[in-house]
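> First the structure, then my questions, so here it is.
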Amino acid sequence: MQNKEIFINLVRFFALLFLQVLLLNKINFLGYINPYLYIVFILIFPLSGNKALLIFLSFLLGLFVDIFSDSGGVHAAASVLIAYVRPLFLKFAFGVSYEYNMVKLNKTPLSERLVYISMMVFLHHIVLFSLEIFSFSHILILLKSTLFSGIFSIVLILCTLMLFSRKN
């Protein structure tokens, strides 16, 4: 990565962290709908970037969200998992374009972008809420929280990506 990309990713890391901690963690709509925008950092991390660095930064991002949320490591675990499986989901969603590093998230068709974002968000949320609830007797709450928070997070992520995409 170049110095400009490093600086942009550093700003993105802290901006998403502060937005999540100071604003979005306070939203608790109907008791089970929480938006998690901080995973945008993992979603749009450069494809040419170091995979181990992405996993480490995902751990730090999740850990900081956990520290400020007093949630005991569930965000760190979910973030590390989606950072680890990200190449598989990129290959599934974008196919050959990913193998040749031709993927630009803001230039891909909306259907491919939606598949990639949805898979990542729902995996993150199912792990997050499974570790948070940690009981099979509350499976309906887990599924309801995952579904509705996932949909809300996907809409928020798509709006954020459209808002901050560069027009060429």
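> Sort out which residues of region 100-136 are surrounded by fewer than 12 Cβ atoms within 10 Å (Cβ to Cβ), assigned to a helix (DSSP H, G or I) and at pLDDT below 85, and write them in order of number.
Passing the criteria: 107, 136.
> Related question: I need the full set of residues from region 28-53 which are within 16 Å of residue 149 (Cβ to Cβ), over 17 Å from the mean Cα position of the chain (by Cα) and not aromatic (Phe, Trp, Tyr), in order please.
28, 30, 31
> How many residues are surrounded by fewer than 15 Cβ atoms within 10 Å (Cβ to Cβ) and over 13 Å from the mean Cα position of the chain (by Cα) if we restrict to region 142-164?
Total meeting the criteria: 5.
> Answer yes or no as to whether residue 76 is assigned to a helix (DSSP H, G or I), more than 14 Å from the chain's Cα centre (by Cα), buried (at least 16 other Cβ atoms within 10 Å of the Cβ) and not aromatic (Phe, Trp, Tyr).
No, not satisfied.
> For region 16-29: of the residues being without any contact (Cβ under 8 Å) to a residue 40 or more places away in the chain and exposed (fewer than 13 other Cβ atoms within 10 Å of the Cβ), which is nearest to residue 65 (Cα to Cα)?
Here the answer is 22.
> I've got another one for you. Could you check region 13-29 and list, in sequence order, the residues that are in a helix (DSSP H, G or I) and either of a type in the set (A, V, I, L, M, F, W, C) or under 17 Å from residue 63 (Cβ atoms) (or both)?
Those that are in a helix (DSSP H, G or I) and either of a type in the set (A, V, I, L, M, F, W, C) or under 17 Å from residue 63 (Cβ atoms) (or both): 13, 14, 15, 16, 17, 18, 19, 20, 21, 22, 24, 25.
> Among the residues of region 30-58, how many are in a helix (DSSP H, G or I), aromatic (Phe, Trp, Tyr) and surrounded by 17 or more Cβ atoms within 10 Å (Cβ to Cβ)?
The qualifying residues number 1.
The values are calculated or read from the model by the stated rules, or taken from the named source; none is laboratory data. These figures come from a predicted structure and were not determined experimentally. Neighbour counts run over all protein chains shown; Cβ positions are idealised from the backbone, glycine included.
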